[in-house]
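In what follows, a structure is listed as structure tokens, so that the remarks can point back to it.
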């Protein structure tokens with residue numbers, strides 16, 4: 001894998017290509033971001049943003065959501081997919097926030113990940129974007145981009161998170177995730193647009209796979 005210095009330079013370059021990188025989920029506070037992130041599983045941020053205005057209009061905080069029933073919640077979140085499980089998670093999450101944290105979202109990884117529907121990735125999103133606590137969420141885009149470039153290796157999100165965090169200062173953790181997510185959505189797709197990539201000269205995949213396929217093949221001349 002690449003050095004800490006090179007990794008930071010790559011993240012800085014990606015940040016220039018994707019200025020003002022941030023989560024694309026709409027939210028006004030930590031509770032709303034927590035709800036939106038839970039809903040975003042197996043869905044798109046755009047779809048979640050369509051659903052959440054009506055959801056937050058009816059359930060503005062954890063106390064209100066904790067009193068909801070699945071029958072009330074499911075029709076609102078139906079289009080995000082897996083709505084039955086998400087409904088149970090949202091209500092359980094809100095009830096636990098009220099019972100154990102006074103309705104507030106705790107700024108703590110261990111406490112967040114005890115909430116229904118909240119894994120490490122979701123917790124990192126909320127910590128880094130809404131609570132000012134450094135966090136590096138690793139989703140499928142971060143896995144793909146970091147492995148292709150060579151700043152991390154492996155398909156385990158926790159291991160990749162640890163690798164990236166060890167090579168970057170804490171103040172860049174959230175940005176590093178944001179720029180890789182946007183890069184994965186816009187440029188480094190499953191079929192990558194390498195000609196539009198600002199870090200292709202540092203990218204292992206481009207150097208060792210893409211460039212080789214573009215090199216003209218040597219034509220063998222028959223011996224006489």
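Every read-out reported here was derived from the displayed coordinates using simple, explicitly stated rules and does not represent laboratory data. Predicted model only: the values in this text are computed from it and were never measured. Note: ideal-geometry Cβ built from the backbone for every residue, glycine included; neighbour counts use all protein chains shown.
Quick notes on this structure:
- Fewest-first sequence of 109, 93 by Cβ atoms within 10 Å of each Cβ: 109, 93
- Where (i) 83, 46, 41; (ii) 87, 35, 28; (iii) 51, 41, 32 are the candidate values, the label of the one calculated here for Cα extents along the principal axes in Å is (ii).
- With respect to the chain, whose longest principal axis is taken over its alpha-carbon atoms, helix 173-186 is tilted by about 70°.
- Estimated 222 nm signal from helices in the chain, with DSSP H stretches of n ≥ 4 weighted -39500 (n - 2.57), rounded to 500: -16500 deg cm²/dmol
- Remark: 101, 129, 183, 208 ranked as 208, 101, 129, 183, counting other beta-carbon atoms within 10 Å and listing the fewest first.
- The chain: most fluctuating residue of 46, 130, 30 per GNM, C-alpha cutoff 10 Å: 46
- Using alpha-carbon coordinates, inclination of helix 140-149 to the longest axis of the chain, degrees: 20
- Between 0 and 90 degrees, the angle of helix 83-101 with respect to the longest Cα principal axis of the chain falls at about 60 degrees.
- Dividing the mean sequence gap of close Cα pairs (under 8 Å, 6+ apart) by how many residues segment 102-195 holds gives a relative contact order of 24 percent.
- Segment 134-185 and segment 20-58 have Cα centres separated by 21 Å.
- When you work out D = kT/(6 pi eta Rh) for segment 30-130 at 10 °C and 1.306 mPa s, using the Kirkwood radius from C-alpha pairs as Rh and the Stokes-Einstein form, the result is 121 µm²/s.
- Solution diffusion estimate, µm²/s, Stokes-Einstein, segment 70-125, Kirkwood Rh from C-alpha pairs, 37 °C, viscosity 0.692 mPa s: 278
- Given R0 = 22 Å, the distance between the Cβ atoms of residue 71 and residue 49 translates into a calculated FRET efficiency of 0.35.
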